[in-house]
Amino acid sequence: MVLYGCETAGYYFQAATGQFRILSSRQPIEELIQNGNASDQLQKQLQLVQEIRAYAAEELKLPVGEAYSSYVQLEDDYPIWNVLAAPEFSLSPKRWCYPIAGCASYRGYFRKSAAIAKANSLRNQGYDVYLGAVPAYSTLGWFNDPVLSSFVNWTPERLAGLLFHELAHRRVYVAGDTRFNESFATAVSEIALPDWLRSQGLSSSAEETKAQALAVRQLMTATRKELQPVYQSNLPDEEKRQQKEEVLSRLRRCYWRMAAEWSYPARYQAYIEKTNNATLALAAEYESLVPAFRQLYLDSNGWEDFYNAAERLGELNKEDREQSLLRLATEYRQENNNPEKEINFDVEVCMQDDILR
């Protein structure tokens, strides 16, 4: 208990000091644009941020307030490094609980060295671990989050998508339900982006990228389906370990067979090579319920009605909420002829065929 208490106190101290360091470094975007203290490229990107913020407030009805009205030049490449973990034979992520935000399937650190130390500690305890850099995060409206140097130079499409996602967290957030929160924010971003691009006279440059992301999402889903019965079986651990590695090897082989047709086959190489229970759980938490929120939006009368409906779902107990979202996801796939089938590659067939090779 003493060790746990010390670790917790140390964690919150680094979080508080890291957050303070960022907030105290904020520079108002208006001043940076007006006084010419920013490079031409930075001024251009900051002006774009202002346009995205205005659109989010006026068209998406998101509570922008003073969020992203300031800029911070970070000392490092990223503000936060997240550590995720899952048991060796489970696809359920380890969860950490926090004041206000509730429980989440990640542990964020403002110093990379601290994140590495935590990741190593969890590996030594037998967990599958993923350590990833995070370019942006939301404080859920508790602070006016700034634009960070880690993402300010992204393309217009990617930058708008990120800001819509993070601002969505300020509108609807259910403490302790990462899958609900991230799927909701991802859906807001994906639904809003096409109209924003049209409003700017821009065309999406990411159709191929979106199709590839969907294909990788399917590959992760198929992999989870292969691993679940192995983990739930009564096999000896050594045999489970062997079958797990065989499934992950098939995942990697299927990825390269699928990506061979892409203009940039190595796009997801690093992610695929690091795939383990932690990353499989992460993919499920961020994306698995997006179709449910797409259907909820279709059933709603505009953005405010959609947000209110999402809030009502958030007020249900977790079991009822999950069932409602799964019904919505099924309805969306049925009414849209299962848009995931548009991918010109059958992931499940690949995973099954590879067993026979």
I need to check one value: relative contact order of the chain, counting alpha carbon pairs closer than 8 Å and at least 6 residues apart, in percent.
18
0 to 90° range, to nearest 10: angle between helix 207-232 axis and the chain longest Cα axis:
40
What do you get for the angle between helix 178-199 and the principal long axis of the chain? Use alpha-carbon atoms, 0 to 90 degrees, nearest ten.
60
Grab the eigenvalues of the alpha-carbon gyration tensor for the chain, scale each by 5, take roots, and send me the semi-axes largest first in whole angstrom.
33, 26, 21
Dividing the helical contributions, -39500 (n - 2.57) per DSSP H run of n ≥ 4, by the residues of the chain yields a 222 nm value, nearest 500 deg cm²/dmol, of -19500 deg cm²/dmol
The correct pair for the range 11-119, radius of gyration to one decimal and Dmax as a whole number, both in Å and from Cα atoms, is 17.9, 57
Antiparallel bridge percentage (DSSP; both residues within the chain; nearest 5)
90
Going by alpha carbons, how many degrees (0 to 90, nearest 10) lie between the helix axis of 237-259 and the longest principal axis of the chain?
60
How are the Cα pair distances of the range 178-331 distributed, in percent, across 10 Å bins from 0?
9, 31, 31, 22, 6, 1
With 5 Å bins from zero, work out the P(r) of the range 55-181 over every alpha carbon pair and list the percent per bin.
2, 10, 17, 20, 20, 16, 9, 5, 2, 0
Rg to Rh ratio, the range 137-201, alpha-carbon atoms and Kirkwood radius?
0.99
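Any read-out appearing in this document is the output of simple, stated calculations on the displayed coordinates, not a laboratory observation. Computed from a predicted model, the values in this text were never measured in an experiment.
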